[in-house]
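Below is one structure, written out as structure tokens, with a few remarks after it.
Each reported figure results from applying straightforward, stated rules to the coordinates on display, with no laboratory input. Nothing here was measured: the structure is a model prediction, and the numbers come from that model. For neighbour counting, all protein chains shown are included, and Cβ atoms are generated from backbone atoms with ideal geometry for every residue, glycine included.
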Amino acid sequence: MKALLLSLRTTLASTYGVPVAAAYGIPSQIPDDPEVLLRVASAVERLLRDRPLVEPPKIRSLAIAPLAVAEDLGFAIADFRRALADVDREKREAVLSQSTKNLAMARWLSTYQGVTEAACGLYALAGHAALAEGIRPTARRLAGLPEEEDAAPSTERSR
């Protein structure tokens with residue numbers, strides 16, 4: 001959209017002069033923000049449809065048809081609106097997905113800690129302190145990182 005408006009501004013300025021490009025509402029600095037860009041493009045399209053082009057072109061054979069340009073711009077605006085709607089939908093889906101993930105992780109963490117603490121207690125009661133220590137939740141294990149003793153096969157830990 002930005003490239004289209006920039007191209008239109010350049011074409012109007014070179015064919016009719018900078019005042020004509022300004023009369024159709026095309027700013028000298030095309031905005032980067034998508035919502036602002038959409039508003040500017042919509043205003044330009046409206047002006048192309050409503051404002052007659054009475055200024056003569058610098059070269060007569062290079063005249064521009066404002067209604068045809070407005071049609072092209074209208075199609076581009078519709079595509080841009082759909083793309084922005086898709087981006088907004090994807091943002092909402094990402095937030096929802098992240099919220100679902102965070103909830104699942106919190107539930108998993110609670111369950112993991114409870115089960116491992118219970119298993120540690122059972123091992124300790126059975127007189128297997130080394131096994132209890134081997135599965136005790138640590139900051140590293142809770143973060144998904146192995147402890148040094150986790151790398152050893154389980155038969156070596158129980159010796």
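In this structure, residue 51 and residue 88 have a Cβ-Cβ separation that, at R0 = 22 Å, corresponds to a calculated FRET efficiency of about 0.10. Taken about its Cα centre, region 1-51 carries a charge dipole of about 180 debye when Lys and Arg each add +1 at the Cβ and Asp and Glu each add -1 at the Cβ. Percent relative contact order of the chain, based on C-alpha pairs within less than 8 angstrom and at least six residues apart? 15 percent.
Count Lys and Arg as plus one, Asp and Glu as minus one, and take only other residues whose Cβ is under 13 Å from that of residue 16; the net charge is then +3. For the chain, hydrophobic long helices are taken as DSSP H runs at least 20 Å long by C-alpha position along their axis with mean Kyte-Doolittle hydropathy of 0.0 or more; these are 34-50, 66-125.
Of the residues 124, 43, 17, the one whose Cα sits farthest towards the positive end of the charge dipole of the chain is 17 (charges of +1 on Lys and Arg Cβ, -1 on Asp and Glu Cβ, taken about the Cα centre). The listed peptides 18-24, 115-121, ordered by packing as a protection proxy, come out as 18-24, 115-121 (highest mean of other Cβ atoms within 10 Å first).
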